[in-house]
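**Student:** Here it is, the structure in full.
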Amino acid sequence: MRRGGAAINSGGSDADTARMNLAHSATIPRLVASSVRRSWHAVLVRWFVSARSHRVLCLVAGIWLLNAFDLTLTVLAYQQGLLQEDNPIARYMFGLGIPSVVLFKIGLVLIGSYPLLRFRTARITELGALVILIAYAYLAVHWSECYELYTLSGIADVQLAELTNITNRSH
């Protein structure tokens, strides 16, 4: 007899009851597991760990973020007169104006990201993206130190050699 889609044993053999209990016990965990909602961070971690291509996508996103940070601080330093641009191409772009620098930087990042995204399943791509991310993280720390020195020099009339001595003593 069937009631509501579930079979109900109404006096069948012991073998039938055992089969029904076995099928029922196997179905319950699947139903419970599928009905339990996973938290968003657990799903994100599972997605990140599941494949190399996901990790490369996350590394490239980090590279883009750090490049945006670098671009912002470069433009700010240029506008405040703190930046002496030694790169001749960037110097030329600054001569054309800030929008040309922004477009130039975005273009370079997009062109550089293409091979990383195209070959994102290769092990060497993951390693390369990690190295690039670490280099940009180092650059971000360098920018932080530059602005710290700029802040110290704004407090008092201090020469660069004196700032070097101050920062060496504090570390």
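**Student:** Evaluate the range 150-166: report whether one residue or more is modelled with pLDDT under 75, among the hydroxyl-bearing types (Ser, Thr, Tyr), under 24 Å from Leu71 (Cβ atoms) and loosely packed, with under 15 Cβ neighbours inside 10 Å.
**Tutor:** yes
**Student:** I'd like the full set of residues that are modelled with pLDDT under 85 and among the β-branched types (Val, Ile, Thr), limited to the range 49-95.
**Tutor:** Listed by number, the list holds a single entry, Val49.
**Student:** Here is a list of conditions, (1) of a type outside the set (Lys, Arg); (2) under 28 Å from Tyr147 (Cα atoms); (3) surrounded by fewer than 11 Cβ atoms within 10 Å (Cβ to Cβ), and Tyr92 meets all of them except one; can you say which number that is?
**Tutor:** Against the list (1) of a type outside the set (Lys, Arg); (2) under 28 Å from Tyr147 (Cα atoms); (3) surrounded by fewer than 11 Cβ atoms within 10 Å (Cβ to Cβ), Tyr92 comes up short only on (3).
**Student:** Can we say Pro115 is more than 30 Å from Ser50 (Cβ to Cβ), modelled with pLDDT of 85 or more and not hydroxyl-bearing (Ser, Thr, Tyr)?
**Tutor:** Criteria not met by Pro115.
**Student:** Within the range 96-138, restricting attention to residues that are charged (D, E, K, R) and exposed (fewer than 11 other Cβ atoms within 10 Å of the Cβ), which residue is nearest to Ile63 (Cα to Cα)?
**Tutor:** Arg118
The values are calculated or read from the model by the stated rules, or taken from the named source; none is laboratory data. The structure presented is a predicted model; accordingly, all values stated were derived computationally and were not measured. A quick note on method: Cβ atoms are made from the backbone with ideal geometry, for glycine too, and the neighbour counts reach across all protein chains shown.
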